[in-house]
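Note sheet for the following structure.
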Amino acid sequence: MTSRMLIAMTAAVAIIAGEAAGKVSSAEDQPITRTELLRANLTGIEGKETVIYIADVKPGGVGGKHTHYGDEFVYILEGELIVEPVGKPPITLKVGNVGHLTPDVVHVARNGSGRESAKVLVILVVDKGKPLAEAVK
């Protein structure tokens, strides 16, 4: 692990520990609960922002087919997440794995376990003012 990656992960852990009581943006009965940790404008890039949140995915939980208005980076903290890009084979991410999805990738994300929750650190670099995700039929 590079020192830059170690610093980034240490910062993420500090944010999580320091803001564990952050805002929850979904009701408890939803398959995925998001706790926003940070939202910040990107310096020198007009109209873009970074949003960092923790996604808690209930056992067997599935997020509907969607895309984002920018790049999505994920790091699996607990459990297993299966990302199913439309027209491509599913990608299984386990604890310690990272993934990157570009805005053109329509996908479904689901918990790989019917018994245990999954916890995912998500970093989005997106168009400011747009929703974090856009449902696709």
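The table below lists the values:
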item	result
Test: residue in segment 40-47 that is buried (at least 16 other Cβ atoms within 10 Å of the Cβ) and either out of contact with any Pro (no Cβ under 7 Å at 6 or more places or on another chain) or modelled with pLDDT of 95 or more (or both)	no
Among residues of segment 29-53, those that are farther than 16 Å from Val122 by Cα and among the small types (Gly, Ala, Ser), counted	2
Qualifying residue in segment 44-58 (condition: of a type outside the set (Phe, Trp, Tyr), on the phi > 0 side of the Ramachandran plot and in contact with an Asp or Glu (Cβ under 9 Å, 6 or more places away or on another chain))	yes
Within segment 112-137, tally of residues that are closer than 17 Å to Glu49 by Cβ and exposed (fewer than 12 other Cβ atoms within 10 Å of the Cβ)	2
The listed residue being touching a Gly at 6+ places or on another chain (Cβ under 7 Å) and either among the basic types (Lys, Arg) or farther than 18 Å from Gln30 by Cβ (or both), out of Glu116, Glu80	Glu80
Enumerated strands (runs of 3 or more DSSP E) restricted to segment 19-137, each holding at least 1 residues that are touching a His at 6+ places or on another chain (Cβ under 9 Å) and in contact (Cβ under 8 Å) with a residue 40 or more places away in the chain	62-67, 70-78, 107-111, 118-127
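Rundown of residues vs (1) among the charged types (D, E, K, R); (2) more than 20 Å from Glu134 (Cα to Cα); (3) at pLDDT 95 or above, yes/no style:
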position	(1), (2), (3)
Leu6	no, yes, no
Ser26	no, no, no
Ala55	no, no, yes
Gly61	no, no, yes
Gly79	no, yes, yes
His100	no, no, yes
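The values are calculated or read from the model by the stated rules, or taken from the named source; none is laboratory data. Keep in mind the model is a prediction, meaning the values are calculated, not measured. All Cβ positions, even for glycine, are placed from backbone atoms using ideal geometry, and neighbour counts span all protein chains on display.
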